[in-house]
Amino acid sequence: MAANVQDVIMLVGDSITQNGWEQGGFAQLLAERYVRKLDVLNRGFSGYQTDWAIPVCEQIFAKQHEQHHVPKVKLLTIWFGANDAAPASSPQHVPRDRYKENLSHLVQMVKSPTSAYYSPETRIILITPPPVNTKQWNRPDNPRVFETTKAYAEAVKEVGEKENVPVADIWTSIFDAAGRSEEKCAKYLWDGLHLNSDGYNIVFQDVTDIVERMYPELKAEGGKLQDVFMPWRELNVQNPRPSLVKRNAQF
């Protein structure tokens, strides 16, 4: 029965997005940063890759004729690749070229005026997979390769350049923070693949840095966003009802 009150930030991805609600996760950090301005929707799907993401997004993205009745997605993050980069023998594997095509398809679902899901108000950020620490990831049944994940991270940057969409290069940010040492990436990964709070803090910083540089109208503070409902100190306490009316978050 929740009413359509606040527009949203939508996070789409695999388990690394799904786990963003954990303590110190980037979804939690974004929700805190944008409280009373934009809600955060976590659409992370553990184990998923980009082949499977497309039919899912056809259901979780609102079509043009539906967008008047649902919250507007002001910011969309797309974060796949950790599973696409699985070995070719894995059902999760997506070849690198098709991975790039799939990411472009997801972007164009939102950006293309001919798309049923066209949303010109939505700003997009692509996120690379993080580095994998193969010495920490002890899963012989589901192995990962450090250089392969790096190649998929590079693929995201290629798609970002092609589609004119900014990329949060988490692979490089974490690898640099770890002194460019695979083993020292353990500081940011709890199992060699998934991020801990230190890793998510890097994601949060990279995403908010992109917002400030590329999408300043979506800055949580000092930009063009305001609380949807007026701060209590600004209310007319003698006659509060007229000022207790929902406002647009963007002014």
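Across the range 13-28, computed HN-Hα scalar couplings (Karplus, 6.51 cos²θ - 1.76 cosθ + 1.60, θ = phi - 60°) run x, 9, 5, 5, 6, 3, 6, x, 8, 5, 3, x, x, 6, 5, 4 Hz from first to last residue, x flagging Gly and Pro. For the pair residue 56 and residue 3, label points projected 7 Å from Cα toward Cβ lie 3.2 nm apart. For the peptides 222-233, 198-209, 126-137, the ranking by mean Cβ contacts within 10 Å, running from highest to lowest, is 126-137, 198-209, 222-233.
Here the chain exposes an accessible surface that is 50 percent carbon and sulfur, computed with a 1.4 Å probe and the other protein chains kept in place.
Inter-part distance, the range 215-251 to the range 1-44, computed on C-alpha centroids, equals 20 Å.
Sequentially through the range 235-242, phi angles give Karplus couplings (6.51, -1.76, 1.60; θ = phi - 60°) of 5, 7, 5, 6, 8, x, 4, x Hz, Gly and Pro residues having no value and appearing as x. Expressed as a whole percent, the proportion of Cα-Cα pairs in the chain lying more than 24 Å apart is 48%.
For the range 172-186, the Karplus equation 6.51 cos²θ - 1.76 cosθ + 1.60, evaluated at θ = phi - 60°, returns couplings of 5, 4, 6, 5, 5, 4, 8, x, 6, 10, 4, 4, 6, 5, 4 Hz by residue, with Gly and Pro reported as x. Taking amide H atoms as placed 1.01 Å from N in the peptide plane, the amide H of residue 90 has no partner under 5 Å among residues 5 or more positions away or on other chains.
The values are calculated or read from the model by the stated rules, or taken from the named source; none is laboratory data. Not measured: the values here are computed from a predicted model. Here the Cβ is made from the backbone with ideal geometry for all residues, glycine too, and neighbour counts use every protein chain on show. Keep in mind that these areas ignore ligands, DNA and RNA; they rest on the heavy atoms of the full protein, side chains included. Shrake-Rupley method; radii C 1.70, N 1.55, O 1.52, S 1.80 Å.
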